[in-house]
Amino acid sequence: MTTDRQQLRDYLLGQLPEDTANELDARLFAEDDLLREFRYEQDALIEDFLSNRLIEKEAAFFREQIARSPSLQGKVASLRVLLLALDAQSTRVSHPDPSRYSQYLLVISPALAVMLCFVIFLYVHESHKNVGLNSQLLTGPHIHSPITHPIGGSSIAVAFLSANVSRGPSAPPEISVPATASVLELQVELHQEPHERDTWDAEVRRGSEIFWKASHIPVHRIGKEEFLPLFIDAVNLPPGAYVVRYAPTSAHGASQSRSFLIIKRR
Amino acid sequence: MMTKQSSISQARTKTSMRREITADHFAALLSALGTTPQDRGLQYETLRSKLIFFFTRRSLPFPEDLADEVLDRLAHRIAAGVEISSTPSFALGIARHVAQEQRAKQHHLQVVDEDFWNNVPAQLATQSEEHEIARMERCLKKLPRDEARLLKGYYLATSDNPMETRKTLASNLGISVNTLRQRVFLARQSLRACMTAQQRKEKMIKPPLIKGHRVQ
């Protein structure tokens, strides 16, 4: 047997004739499904009450019921809070508070501008380095033409030793250093493996002679690639064959080496 | 403002032959309601809800207390060995009796919490409600996304014709209106559980009061 919603609502609002209401009482105590229907209808009634959708007579009766029942008061308060919370969420999503929004903008705008400048600077800087690396790779494995940057009266020459360029034992890469360069910045690319050590020790040998040596050199990272920057005195750097050896500072890691040729350019 | 404590004492003055339920009586009542502990608990709550509906529709004050009075009397009868074929039907008989008693006394006692609903239909939240709303919003965020959407679709889209809107919503979801209501009911149960848990959590983290001053 089904009970229409209007009948349930009339029961809840005390508007059913007494005999019909008594029949529903009996069914309510006999059927658990009807209790569920009553619960749904009571929720709908509370919602209509909160939304002012009840006619005055119904609203007055329901108000009286609410006032007499603490549990009904709890149900009304609970749905009211839910409706207000949903409404608040919805308002916030569809109409963001413009004053608050502009306040945020006002605060973060200078920071964004500074960040943007910094990002542009980094981009230009790294692009410049990559151009240098690419040009060296494109000019072939034998001749490396370092990029030179004037510093004061002298200049710094930058050269890259890539880890991914295959070289035969008889064909070490050549690095052409301008005669005017005072410092050779040799960026030695580390192999693509996780380097737990952040600082490395390195030495540059010319034959058996240690020409240059440094320890605790921090790794320079560009994206996923890691380089070891070696700043070598270019004024007293004679042309010839060199070997650079490098290992993590802790000395637990295996040392790596790379050969190269220095050519002085007028 | 009426409090739960005052409502209980007032209900006690209203109901005749009030009996204090003993553990044995309560155990006898539960045994009559089900076979397993879970079933007994569920049936007890179901019967109590039915009794509350029964007294609410009669506009009797404190329907919860009257429901408890019926359950107390029922437990007493069962413990006394009265043979009962259907416990819910027997409870209904007691409830009718209690309702008659109340009707007879109603003109003597009219206790209504007039203050409660003064603020209820207000469109704006009161100050005390704002904390509750914030808590509710936190709970809404914790709900599964489809349940939160369901609640928004169900409650926010209802303007002039909520029935039609909900029929459309149910149709879009490929379910019946009854199933839709059931899902909303279940989602609200989850919210209630979350609200209770949040309240407990907030109570736990509040620093203790010492001589009336909260320790900072």
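The values are calculated or read from the model by the stated rules, or taken from the named source; none is laboratory data. Source: prediction; values computed, not measured. We place every Cβ from the backbone using ideal geometry, glycine too, and count neighbours over all the protein chains shown. Note: areas computed on protein heavy atoms with side chains; ligands, DNA, RNA excluded. Shrake-Rupley method; radii C 1.70, N 1.55, O 1.52, S 1.80 Å.
Kindly list, by first and then second residue, each pair from a residue in region B:74-100 that is open to solvent by 40 Å² or more (accessible area, probe 1.4 Å) to a residue that is of a type in the set (K, R), limited to pairs with Cβ atoms under 8 Å and residues at least 6 apart or on different chains.
From region B:74-100, the pairs are B:H76/B:R19; B:I84/B:R77; B:P88/B:K50; B:F90/B:R77.
Just to check your reading of the model, which residue among A:E56, A:E64 is at the interface with another protein chain (Cβ under 9 Å from one of its Cβ atoms) and farther than 21 Å from B:V177 by Cα?
The match here is A:E64.
What are the residues in region A:13-35 that are at the interface with chain B (Cβ under 8 Å from one of its Cβ atoms), assigned to a helix (DSSP H, G or I) and closer than 30 Å to B:L151 by Cβ, if any?
A:L28, A:D32, A:L35
Return the pair list, or none, for Cβ contacts closer than 6 Å from residues in region A:226-249 that are without any contact (Cβ under 8 Å) to a residue 40 or more places away in the chain to residues that are among the β-branched types (V, I, T) and surrounded by fewer than 16 Cβ atoms within 10 Å (Cβ to Cβ), at least 6 apart or on different chains.
If the second residue must be among the β-branched types (V, I, T) and surrounded by fewer than 16 Cβ atoms within 10 Å (Cβ to Cβ), the pairs left are A:E226/A:V219; A:P239/A:I263.
Is at least one residue of region B:153-163 farther than 18 Å from B:L191 by Cβ, touching a Phe, Trp or Tyr at 6+ places or on another chain (Cβ under 9 Å) and touching a residue at least 12 places away in the same chain (Cβ under 8 Å)?
No: region B:153-163 contains no residue that is farther than 18 Å from B:L191 by Cβ, touching a Phe, Trp or Tyr at 6+ places or on another chain (Cβ under 9 Å) and touching a residue at least 12 places away in the same chain (Cβ under 8 Å).
Exactly one condition in (1) open to solvent by 50 Å² or more (accessible area, probe 1.4 Å); (2) modelled with pLDDT of 90 or more; (3) under 14 Å from B:F55 (Cα atoms) is not met by A:E64; state its number.
All conditions pass for A:E64, except number (2).
Taking region B:177-196, which residues are more than 22 Å from B:E164 (Cα to Cα), open to solvent by 50 Å² or more (accessible area, probe 1.4 Å) and of a type in the set (A, V, I, L, M)?
B:A193
Can you confirm whether A:L45 is open to solvent by less than 10 Å² (accessible area, probe 1.4 Å), more than 9 Å from chain B (Cβ to nearest Cβ) and closer than 23 Å to B:E45 by Cβ?
yes
Applying the selection to region A:67-84, what residues are open to solvent by less than 20 Å² (accessible area, probe 1.4 Å), touching a Phe, Trp or Tyr at 6+ places or on another chain (Cβ under 8 Å) and in a helix (DSSP H, G or I)?
Once the filter is applied, which keeps residues that are open to solvent by less than 20 Å² (accessible area, probe 1.4 Å), touching a Phe, Trp or Tyr at 6+ places or on another chain (Cβ under 8 Å) and in a helix (DSSP H, G or I), region A:67-84 yields A:A67, A:R68, A:V76, A:L82.
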